[in-house]
Amino acid sequence: MAMARDLQAFSAVLDAEGPSQALAYLNAGVPHRYTAVYRFAGPVLRNVLLHDKAGKMRPDFLAAVPFDKSFCQFVLRDGAFRTDDSSVDARLEGHAYRGVVVSYHSVPLVSLAGDLWGTLSHFDAAPLPLSDEEFALLEGAAKLLAPVLADI
């Protein structure tokens, strides 16, 4: 019997198997290749966790991303950011990664002190939708994941 895809199931995976397997759980329910955690580190974002559906090692270009060239800047500005296809998203006109990171769905990770710590995202180089249910799960997962990541 398959486990229901909900916050309770995510929490059970996080508690039993840790944050890496929790990311794998989130990724299993979406078409996106990557599910990742990025931490704000001054002018760059550092990748601290990455699940690749293809099972490959993290590409170097995903290890650190300049904040001002990232889509994560919009998560900071807007509280979340979603685009199924950045190549046609007018909000991203002139952006360096428009059409490179094509689908991007991200929510903030907030520390227990209320500070923005980083982002939790699904993304891909192909145009892919994310259902409202999966986005709500991503939002809920971020709240449970943030305290666990505080020591990373």
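Any chance region 138-146 includes a residue that's modelled with pLDDT under 95, farther than 23 Å from Pro59 by Cβ, aliphatic (A, V, I, L, M) and assigned to a helix (DSSP H, G or I)? So far as region 138-146 goes, yes, one or more of its residues are modelled with pLDDT under 95, farther than 23 Å from Pro59 by Cβ, aliphatic (A, V, I, L, M) and assigned to a helix (DSSP H, G or I).
Checking each residue in region 36-49 for being over 15 Å from Val107 (Cα atoms) and open to solvent by 50 Å² or more (accessible area, probe 1.4 Å) picks out Gly42, Pro43, Arg46. Here is the figure for region 15-35: residues that are buried (at least 19 other Cβ atoms within 10 Å of the Cβ) and of a type in the set (A, V, I, L, M, F, W, C) total 4.
Taken over region 55-91, residues that are open to solvent by less than 70 Å² (accessible area, probe 1.4 Å) and free of Cβ contacts under 8 Å to residues at least 12 places away in the same chain amount to 4. Note on region 103-133: residues that are open to solvent by less than 50 Å² (accessible area, probe 1.4 Å) and in contact with a strand residue (DSSP E or B) (Cβ under 6 Å, 6 or more places away or on another chain) total 18. With the requirement that a residue be under 12 Å from the mean Cα position of the chain (by Cα), among the polar types (S, T, N, Q) and at pLDDT 95 or above, what does region 12-67 give you? Of everything in region 12-67, those that are under 12 Å from the mean Cα position of the chain (by Cα), among the polar types (S, T, N, Q) and at pLDDT 95 or above turn out to be Asn27, Thr35.
The values are calculated or read from the model by the stated rules, or taken from the named source; none is laboratory data. Owing to the predicted nature of the structure, the values given are computational and were not obtained by experimental measurement. A quick note on method: Cβ atoms are made from the backbone with ideal geometry, for glycine too, and the neighbour counts reach across all protein chains shown. With ligands, DNA and RNA removed, areas are computed over all heavy atoms of the protein, side chains included. Shrake-Rupley method; radii C 1.70, N 1.55, O 1.52, S 1.80 Å.
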